[in-house]
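Taking it in order: structure first as structure tokens, then the write-up.
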Amino acid sequence: AVMAVNESSKEVLWIMSAEVKSDWAFADATDHFYNQHDVTQLSNGNLLMFDNGNARPDAEGGPFSRALELRLDTETMTVSTVWSFVPDLSELT
């Protein structure tokens, strides 16, 4: 999960996740992320992360990793993919 925390009060402002109760809705199942890390908020407010994807269900394409940029619509509390990169690992075999 990704969480926003008030720096001074330490209060959790919101939680974003496809795996636990989330305050955010995902525009599409392809926007879900699993076991992410290195989340960074960009200057435009979007989130950039590495999505390990190892717990992604088969119905969503099964396990795969990717770089993922998400747009946050704070009016509707909806998350949507702006950009993602999935490397072609078939070239390595």
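The values are calculated or read from the model by the stated rules, or taken from the named source; none is laboratory data. Given the structure is predicted, the values throughout are model-derived calculations rather than measurements. FYI the Cβ positions are ideal-geometry reconstructions off the backbone, even for glycines, and counts take in every protein chain you see. The accessibility values were calculated without ligands, DNA or RNA, using every heavy atom of the protein model including side chains. Shrake-Rupley method; radii C 1.70, N 1.55, O 1.52, S 1.80 Å.
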| task | Could you point to the residue in Ala29, Ala4, Asn44 farthest towards the positive end of the chain's charge dipole, with +1 and -1 charges on the Cβ of Lys/Arg and Asp/Glu respectively? | result | Ala4
| remark: Candidates for Rg and Dmax of the Cα atoms in Å are (1) 14.4, 44; (2) 15.4, 49; (3) 13.9, 51, and the calculated one carries label (3)
| said: Quick check: at a probe of 1.4 Å, how many percent of the accessible area of the chain sits on carbon and sulfur atoms? | reply: 52
| query | Just by accessible area at a 1.4 angstrom probe, what is the order of Lys10, Lys21 from largest to smallest? | reply | Lys21, Lys10
| For region 13-67: relative contact order, % (alpha-carbon pairs under 8 angstrom, 6 or more apart) | 24
| request: Order Trp24, Trp14, Trp83, most accessible first, counting only protein heavy atoms with a 1.4 angstrom probe. | output: Trp83, Trp14, Trp24
| Å² of accessible area per residue within the chain, as computed with a 1.4 Å probe and no ligands counted | 64
| remark: Rounded to the nearest 5, the percent of DSSP beta bridges in the chain running antiparallel is 90
| query | Can you give the accessible area of Leu89, probe radius 1.4 Å, in Å² rounded to 10? | reply | 110
| request: Compare Ser17, Ser65 by solvent-accessible area with a 1.4 Å probe and give them largest first, with all protein chains kept in place. | output: Ser65, Ser17
| said: Tell me the relative contact order for the chain as a rounded percent, counting alpha carbon contacts under 8 Å between residues six or more apart. | reply: 20
| Using a simple spin-label model with points 7 Å from Cα along the Cα→Cβ vector, what separation in nm is obtained for Glu69 and Ala29? | 2.6
| said: Solvent-accessible area of Thr81, probe 1.4 Å, all protein chains present, reported in Å² to the nearest ten, please. | reply: 50
| Once you charge only the Cβ atoms, +1 for Lys and Arg and -1 for Asp and Glu, what is the size of the charge dipole of the chain about its Cα centre, to the nearest 20 debye? | 160
